[in-house]
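The values are calculated or read from the model by the stated rules, or taken from the named source; none is laboratory data. Because the structure is a prediction, the values reported are computed rather than measured. Heads up, the Cβs are rebuilt from the backbone with ideal geometry, glycines too, and the neighbour counts pull from every protein chain shown.
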């Protein structure tokens, strides 16, 4: 249990780095939904959808490859140098060619103004060049520095959002002093562009601050090592692109099939699933280096099984809390009543993201056995399901089809990964308990949402009942975890 306690400690530290910036972003949802009509919120959503695609494409699985090879190679410096300079070259090529053709490409991406894509290209460049420096801090177990830079980036972004979306519009309206160039930009572009400007300024400042770490990387490039790393990483690239498709294609298709207004409403309510995403992100930041470092231990498989069980327990608690008090969370995040129309997707999206988190747990088998091609297969399979369900059912069922497509895709990926994992790297997961917690939590949340919505007494009783059940079933483990 000592190792498990260390894992939870590391996850909490990395979790702060993941959760606090995202929590700040959650608060910005209210600002954005207040400042933007649903159509412009859709443009804001598209910007970050394409950012996710660009980031997946430009990192091409090298972050995970970095962790894998750093833990098993003797010459650590070569792994750092080869990873970073590989990404540096490809990112600069991307920057050069996309900026040249940005005006032609902007229409293809559905942007009314080329400046949207130009800002996105610059932000993506800065963020991609920081992937290996961030991974270096994680693998060297420097979570405080990692957290500092992550939180600083988001804080700058958030403060600039407040300045651009609240202060400057009021200053212009009340004839207060505003620099002439800002006045000109405000008159030339819609207000949504200032969200993108804030993103660019935050990313560039963070990049500048991390330059000293980059200068520590010696040029020790090894083409043979790069080929081995790419062989490991390319399947993860395809898997990442497929994952981004699972997460984001619904917004693109909703935009093109039923319009920006409906997509904006769906995207706003989808944000309520961010609480589960925060939990998963915190877990992944601590889990990935932990899993690789733990692989050589004799009891590694038992530890992986324990981690998945407790991940599921915490995830199901998160699901139940959000759904039981959904109107409170919606009131905090969503400013305009038009955005409340899609709240029925939230329980589905939360369960889908929980299953995705379980899939991440299960994926350790193909990462440790160097069978990353399976991750590619599973993700592509999920992406195909996403595409087919969305295209076939959006015209009839609208955004509800997109929510169910996400759940079915992640559920299918989880089941298939578990099946093949048993064959290639069998881990003694407590399947019956995991299924029990998932089913019980989802049923209680549906009962609360349909029959007792805004009846917070009943919702609280249901939550206490679930907590009591967990305690009775996990009493021994809880005592071992918390005993001094």
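Can you tell me how many residues within the range 462-478 are within 28 Å of the chain's Cα centre (by Cα) and either more than 19 Å from residue 310 (Cα to Cα) or modelled with pLDDT under 90 (or both)? Outline the logic, then answer.
Keep residues of the range 462-478 that are within 28 Å of the chain's Cα centre (by Cα), which gives 463, 466-467, 470.
Those still in the list that are either more than 19 Å from residue 310 (Cα to Cα) or modelled with pLDDT under 90 (or both) too: none.
So the answer is 0.
What pairs come out if I take residues in the range 92-120 that are without any contact (Cβ under 8 Å) to a residue 24 or more places away in the chain and at positive phi and pair them with residues that are surrounded by fewer than 15 Cβ atoms within 10 Å (Cβ to Cβ) and part of a helix (DSSP H, G or I) whose C-beta lies under 9 Å away, six or more apart or interchain?
none
Out of 456, 419, 410, I need the residue that is closer than 24 Å to residue 377 by Cβ, surrounded by fewer than 16 Cβ atoms within 10 Å (Cβ to Cβ), out of contact with any strand residue (DSSP E or B) (no Cβ under 9 Å at 6 or more places or on another chain) and modelled with pLDDT under 95. Which one?
Just a single option satisfies the conditions, and that option is 419.
Within the range 364-377, how many residues are surrounded by 24 or more Cβ atoms within 10 Å (Cβ to Cβ) and under 29 Å from residue 399 (Cα atoms)?
1
Taking the stated definitions as given, is residue 437 within 18 Å of residue 310 (Cβ to Cβ) and modelled with pLDDT of 90 or more? Steps first, answer last, please.
On the way: within 18 Å of residue 310 (Cβ to Cβ): yes; modelled with pLDDT of 90 or more: yes.
So residue 437 passes the test.
Given the structure, is residue 124 at pLDDT 85 or above, more than 25 Å from residue 253 (Cβ to Cβ), part of a helix (DSSP H, G or I) and within 24 Å of the chain's Cα centre (by Cα)?
Answer is no for this residue.
Where residues in the range 35-85 are modelled with pLDDT under 85 and not in a helix (DSSP H, G or I), which of them is surrounded by the most Cβ atoms within 10 Å (Cβ to Cβ)?
The residue in question is 36.
How about the range 147-224: which helices (runs of 4 or more DSSP H) wholly inside it have at least 1 residues that are surrounded by 17 or more Cβ atoms within 10 Å (Cβ to Cβ) and at pLDDT 90 or above?
192-215
Is it the case, given these coordinates, that residue 24 is within 22 Å of residue 202 (Cα to Cα), surrounded by fewer than 20 Cβ atoms within 10 Å (Cβ to Cβ) and at pLDDT 70 or above?
Considered against the rule, which asks whether it is within 22 Å of residue 202 (Cα to Cα), surrounded by fewer than 20 Cβ atoms within 10 Å (Cβ to Cβ) and at pLDDT 70 or above, residue 24 comes out as yes.
For the range 302-314, check the following and say yes or no: at least one residue is part of a helix (DSSP H, G or I), modelled with pLDDT of 70 or more, more than 23 Å from residue 426 (Cα to Cα) and touching a helix residue (DSSP H, G or I) at 6+ places or on another chain (Cβ under 7 Å).
The answer is yes; a qualifying residue exists.
May I ask you to say which residue of 445, 402, 441, 459 is within 24 Å of residue 345 (Cα to Cα), in contact (Cβ under 8 Å) with a residue 24 or more places away in the chain and more than 27 Å from the chain's Cα centre (by Cα)?
Details: 445 fails: more than 27 Å from the chain's Cα centre (by Cα); 402 fails: more than 27 Å from the chain's Cα centre (by Cα); 441 fails: more than 27 Å from the chain's Cα centre (by Cα).
The conditions single out 459.
Quick one: count up the residues across the range 225-270 that are assigned to a loop (DSSP other than H, G, I, E, B) and over 23 Å from residue 390 (Cα atoms).
Of the residues in the range 225-270, 0 are assigned to a loop (DSSP other than H, G, I, E, B) and over 23 Å from residue 390 (Cα atoms).
Might you check whether a residue that is touching a helix residue (DSSP H, G or I) at 6+ places or on another chain (Cβ under 6 Å), part of a helix (DSSP H, G or I) and under 28 Å from residue 112 (Cβ atoms) occurs anywhere in the range 133-145?
Checking the range 133-145: not a single residue is touching a helix residue (DSSP H, G or I) at 6+ places or on another chain (Cβ under 6 Å), part of a helix (DSSP H, G or I) and under 28 Å from residue 112 (Cβ atoms).
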